[in-house]
Amino acid sequence: MLENIPFREPFSLKDSVSCRRFQVCSRSLCSMPGAAVTLLAFDAGEGVSAEEYSGDTLYTVLDGACRVGDIELTAGKSIVFPAGELHSVTCTEQFRIMQITAGKGETTMKLIDHIPHKEVISLKDQIDYEPGQVASMTLTNQPQIGMTLFAFDEGTKIASHAAPGDAMPTVLEGEAEITISGEAHIVKAGESIVMPAGEPHSLRALTRFKMLLVLVKQ
């Protein structure tokens, strides 16, 4: 389940971890055998030496710029590295990043699907708006973690429901009204909110908006 971040109120992921001189700071939001979500902040010149993970790993730069493996990333850009492949994270300037590792399985499996691997992408550009509709694209649906991209046309909504785990939508563009247990919150581009497991919640598009939903299951 998710931890170390506010529940039921909008917040900024990049402001949830601090850059410190000569340091790499991290904040674990979830750590389980089949799921890990971590925020990392690097001072200029700091890095993490080459490592490999048991699941496919999605990196999204929250601010600044860095290099993942041999690939340059700037704020708002993402990249997926396959399970079992060594890669490092380095930088020449301060930056913050979100790292999500999904699943635990054979390295031949695509645990994060429907988006390119080892290619710089913008998550919001991976899904298109559909007039009068809510569009979604499942990136992974593992026993302990799920990730889905959504595109809501203005005025569309998802009716009240409850999820089997903590759900964290991060708005990629636009503005949404997210209601949790009867309390409405306005969530804008660059902001996130945690909808606790089992609590009823609904979503309504105040403008066209896109989001990445991370669901951490019990």
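Each reported figure results from applying straightforward, stated rules to the coordinates on display, with no laboratory input. Just so we're clear, the structure is a prediction, and the values are computed from it rather than from any experiment. Here Cβ is always computed from backbone atoms with ideal geometry, including for glycine, and neighbour counts include all displayed protein chains.
Miscellaneous remarks
- Taking 4.7 Å between C-beta atoms as the pairing limit, the chain has these partnerless cysteines: 19, 25, 30.
- Long pairs among 110/188; 118/157; 77/188; 124/188; 14/124; 77/210, criterion Cα-Cα beyond 23 Å: 110/188; 118/157
- Backbone N within the stretch 186-218 under 13 Å of label point (7 Å from residue 160 Cα along the Cβ vector): 199-203
- Partners for residue 104 among lysines (Cα-Cα distance below 16 Å; same-chain residues under 8 apart left out): 217
- Anisotropy class of the stretch 123-217 from Cα gyration tensor, a/c 1.5 cut: oblate
- With the simple spin-label model, which puts each label point 7 Å out from Cα in the Cβ direction, the residue 3 to residue 88 separation comes to 3.2 nm.
- Where a label projected 7 Å from the Cα of residue 208 along Cα→Cβ would reach, residues of the stretch 141-162 with amide N under 15 Å: 150-156
- Estimated FRET transfer efficiency (residue 32, residue 118; beta-carbon r; R0 25 Å; 0.05): 0.50
- Mean Cβ neighbour count within 10 Å, used as a protection proxy, ranking 117-128, 198-209 highest first: 198-209, 117-128
- Shape call, the stretch 11-102: gyration tensor on alpha carbons, a/c limit 1.5: oblate
- Restricting the calculation to alpha carbons of the stretch 47-150 gives Rg and Dmax of 14.2, 47 angstrom.
- Packing order of peptides 93-102, 154-163, highest average first: 93-102, 154-163 (average count of other Cβ atoms within 10 Å over each peptide's residues).
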